[in-house]
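Step one of this worksheet: look at the structure below.
The values are calculated or read from the model by the stated rules, or taken from the named source; none is laboratory data. Source: prediction; values computed, not measured. Cβ: placed from backbone, ideal geometry, glycine included. Neighbour counts: every protein chain shown.
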Amino acid sequence: PQRPKTTLYFHDGVRYIDYVIAYEQGDEGKSEDGKVEELRRKYEENLKEKGLQIEHEPKEESQDQKTCFVKVHVPWEILLRNAERMKMKMPLKEEKVEEQKKGSSGMCSCFGSIYRKMVSPCLLNSEGVEEREEPDYYTSEFVRDKMDFFDIKDEKTFFTNSQRSRIAYRLMSETRFGTKRIDIGINNLIGEGGYLAAFPLHEGKHKSSESKIPANANLRRLLYWEWARWGRWYKFQPLDLIRLYLGDKVAIYFAWLGFYTEALFYPTFVGFIVFIYSIIACLYNHSQEVCDETYPTYAGNLTMCPLCDEDCSYWKLKTSCLASRITYVFDNEATIFFAVFMSMWATMFLEFWKRRQFQLSYEWDLVDYDEERDLIRPEYEAQVTRERLNPITGDMEPYLSTKDKYTRTCFSLVTVFFWILVIIAAVFAIIVYRLAISAIFAVSIDLSSLGAIGTFATPAMLTTITASLLSLIVIMLLNKVYEKVALWLTELELPRTQTEFEDRFTFKMFCFQFVNFYSYLFYIAFFKSTITGSPGNYNYLFGEWRWEECDAGGCMYELSIQLIIIMFGKQLWNNIVELVLPWAQTKYRQWKSQKVSAEMKDNEYTRWEQDYDLNQFKEMDLFYEYLEMVIQFGFVTLFVAAFPLAPVLALINNIIEIRLDANKFICELRRPLAHKCSDIGAWYYLLEFIGNLAVVTNAFTIAITSEAIPKLVYYYVYSLEIYPESTYGYVNNSMSYFNTSDFDLRSVPNNRDPFGEGNVTVCRYPGYLSPPNANPPYAFTTQYWHNIAGKLAFIIVVEHVVFLLKRLLDYLIPDRPRKLRDKIRREHFLVQNMMFKAETDKLRQQFSRKIILHRWP
């Protein structure tokens, strides 16, 4: 009889499949295949010696007629032995954890009721979710001699499928297949070509034709229905079920991503209010001076100095009307408040995440989790020839000398520095492009002939947009290059364990990504406005190209556009790749497998072959998910003063990202091994670094790039007598005078009469320099030094105040809630008492039995 194609058991229908290994059987005449086949035979024999049971599925039974499968089952006794060896925490049967619910009243009760009503649509309302969640038992490290104390109701359900697969993988990783030192473990054998893949099975299909989720649905289908479907985008995540099915390491990632997404609601709300305020306020501020030449201060009719040498001519300030209004939307008094708010938000987010992380560790029995001993990486064992005695284990282990370590590390650091210079060179190339294209646009575009479009398609605006798009393309291309470079360098350093490998790879990739994504933003924010020079004293690149100037309204709008394009473009591209690529790869493999056996209707498309046709889950897959979110966190915090809607884009992206990743794990990837993990590791420290750096970057952005400080100085010191304590007249005041006869020969424009009013004799430019008839001419004015003093004072005061508030929040918000700490200590006490009482009762029963037997005659 035909077996069900979704079966998760051996042929006998009793033994559960804990792991599956796949390989393609070659021709018998090939010596290489014979050698590999011998390695497989030895490996499988050694698996049996360890007590594992295996069952073969020949290639004739597969869809593609070439892939063989080995099914692995771990018997009960082997599970018990290794659960004790791995110190697995298992549930005790004496008592369940009872939550003591205290009644609340008054204002707290009122707010709690309001909050519950607000979030009620987001709650999971499926009965299947509650039924499948693990009950809250007291747990203890499993000991075979004390099996009677544990809640063993059924041998088939005492160990979860994830725990069974962990034990199976541990044994498969410790099984030898040859005589060499590195001939051990399933991963090494896959590297030798003995097998193609090894993976635990999914629990059946994730989709069905039913309109509702059945009560007895498998965990994969339940997670798809309640979590991975797009229709559940507004629902909370079933973290306990995710952990039960995919393991702690994957669950802690989704817990962090969900917490980060929820935290983004606060800056999204505040940022949206700031944005609306800025749009309304821009209609009643100094940007009107730029847009209207009949305004009382007549700033719109100012004749501005040329933006480039020779080919560019004089222009009216009113042509930058749109740029001025865009600048004010992202550069006003509200952005100062929002920048400080975001610095506080970043601190609050990280502090409360530590509390949430500790709470999850408690709920998932990871508080006292001791990292399992990292196995030595196969690449390390293969390349390191020296050995030394491990004083702890007493075993001979491969050893890399200190000299070799320093040599490899130094070479790696030098190479990292070289490639960072390559990134800077790419940024430099984009700057050169801007210098060239801005002159071309200035000459070739006739704004008067474009009509209404000309108000938007100014040379400065077109230059900014095209350069930003080019920067995005270069960034995405360099990402692929640097990923390979970072991987090569990390392999070159020969990290001893997988944890050490991931930490070193994380450092390199973060350095590359940080410079790659943020370097051009740093240039616009902090350097562009300071290196251009002034008319008659321009600075030139290589003595040939004049450095590009900021718009009359400053560099803030250009920084905003650059940030919008890179952030939105990066997130859009990543989501498309994550959605389309895995789906296309899976469909292609399924089509390829079923095409071969289209005429062989006797062969079922079995569960193990369906999973084999899915994409492989790699150990570094979660690394790239974290990296993507950490870079996004940088966009949200580092330059938020230039774009208050950054949290809005991040929130929308993350809502999509959660469902994309959920769909990928449930539908497109093989089931990952359920690794243990109690925190997000090194990523927390990178997030903390970005949060601290954000205080500095936002303070400098407001002081250097923004016009906020010069406006305040003008408002309180230099405002016009007819408009006391207002910013009216600020634009005119911020423009210096230049006598066109003082131009260098190469800076004199070819067209000296662009308006048909005679040659221009005086032009204006942004800056605080004395007029040409002053003594000395073109020197910094008193107002310039007042602005410098104001900017320095702002930076010092804001940084110190914000850092002080951050430290205060860090001190006031404990990483571990006191009630939870007390609860953990009480549970430890209760478990010890329970174990002592159970042991005492057992000894008493044994003693009474001996007395009865003694009295029997």
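Structure summary
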quantity: Per-region count, region 537-571, residues of a type in the set (Gly, Ala, Ser), buried (at least 19 other Cβ atoms within 10 Å of the Cβ) and not in a strand (DSSP E or B); calculated: 3
quantity: Filter result for residue 274 (surrounded by fewer than 19 Cβ atoms within 10 Å (Cβ to Cβ) and more than 24 Å from residue 366 (Cα to Cα)); calculated: no
quantity: The lone exception for residue 94 - which of (1) modelled with pLDDT of 90 or more; (2) in a strand (DSSP E or B); (3) out of contact with any Pro (no Cβ under 8 Å at 6 or more places or on another chain) it fails; calculated: (1)
quantity: Residue 247 in contact (Cβ under 8 Å) with a residue 12 or more places away in the chain and assigned by TED's automatic domain parsing to the domain that holds residue 387; calculated: no
quantity: Qualifying residue in region 181-197 (condition: of a type in the set (Ser, Thr, Tyr), within 29 Å of the chain's Cα centre (by Cα) and modelled with pLDDT of 85 or more); calculated: no
quantity: Residue list for region 391-410, restricted to those being modelled with pLDDT of 80 or more and loosely packed, with under 10 Cβ neighbours inside 10 Å; calculated: 402, 403
quantity: Count of residues meeting criterion [surrounded by fewer than 17 Cβ atoms within 10 Å (Cβ to Cβ), of a type in the set (S, T, N, Q) and closer than 30 Å to residue 380 by Cα] in region 133-186; calculated: 2
quantity: Any hit, region 185-193, residues being small (Gly, Ala, Ser), touching a strand residue (DSSP E or B) at 6+ places or on another chain (Cβ under 6 Å) and within 26 Å of residue 10 (Cα to Cα); calculated: no
quantity: Filtered residue count, region 205-235, keeping only those that are modelled with pLDDT of 85 or more, crowded, with 16+ Cβ neighbours inside 10 Å and not basic (Lys, Arg); calculated: 9
quantity: Unmet requirement for residue 495, which otherwise passes all of (1) surrounded by 15 or more Cβ atoms within 10 Å (Cβ to Cβ); (2) part of a helix (DSSP H, G or I); calculated: (2)
quantity: Residues (closer than 30 Å to residue 607 by Cα, among the hydrophobic types (A, V, I, L, M, F, W, C) and assigned to a helix (DSSP H, G or I)) located in region 644-689; calculated: 656, 658, 660, 662, 665, 666, 667
quantity: Residue 754 vs. criteria surrounded by 11 or more Cβ atoms within 10 Å (Cβ to Cβ), in contact with a Ser or Thr (Cβ under 6 Å, 6 or more places away or on another chain) and in a loop (DSSP other than H, G, I, E, B); calculated: yes
quantity: Search result, residues across region 527-536 that are of a type in the set (A, V, I, L, M, F, W, C) and assigned to a helix (DSSP H, G or I); calculated: 527
quantity: Test: residue in region 463-471 that is buried (at least 16 other Cβ atoms within 10 Å of the Cβ), at pLDDT below 80, of a type outside the set (Phe, Trp, Tyr) and not in a helix (DSSP H, G or I); calculated: no
quantity: Residues of region 807-830 that turn out to be in a helix (DSSP H, G or I), of a type outside the set (D, E, K, R) and more than 13 Å from residue 361 (Cβ to Cβ), as a count; calculated: 7
quantity: Some residue of region 788-800 being without any contact (Cβ under 8 Å) to a residue 12 or more places away in the chain and within 30 Å of the chain's Cα centre (by Cα); calculated: yes
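Residues are listed down the side, and each one gets a yes or a no for (1) touching a helix residue (DSSP H, G or I) at 6+ places or on another chain (Cβ under 8 Å); (2) in contact (Cβ under 8 Å) with a residue 60 or more places away in the chain; (3) crowded, with 21+ Cβ neighbours inside 10 Å; (4) not in a loop (DSSP other than H, G, I, E, B):
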{"residue": "491", "(1), (2), (3), (4)": "yes, yes, no, yes"}
{"residue": "499", "(1), (2), (3), (4)": "no, yes, no, yes"}
{"residue": "503", "(1), (2), (3), (4)": "no, yes, no, yes"}
{"residue": "511", "(1), (2), (3), (4)": "yes, yes, no, yes"}
{"residue": "516", "(1), (2), (3), (4)": "yes, yes, yes, yes"}
{"residue": "525", "(1), (2), (3), (4)": "yes, yes, yes, yes"}
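This table checks each residue for (1) aliphatic (A, V, I, L, M); (2) in contact with a Gly (Cβ under 6 Å, 6 or more places away or on another chain); (3) at pLDDT below 85; (4) surrounded by 20 or more Cβ atoms within 10 Å (Cβ to Cβ).
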site: 652; (1), (2), (3), (4): yes, no, no, no
site: 669; (1), (2), (3), (4): yes, no, no, yes
site: 685; (1), (2), (3), (4): no, no, no, no
site: 690; (1), (2), (3), (4): yes, yes, no, yes
site: 697; (1), (2), (3), (4): no, no, no, yes
site: 702; (1), (2), (3), (4): yes, no, no, yes
site: 716; (1), (2), (3), (4): no, no, no, no
site: 741; (1), (2), (3), (4): no, no, no, no
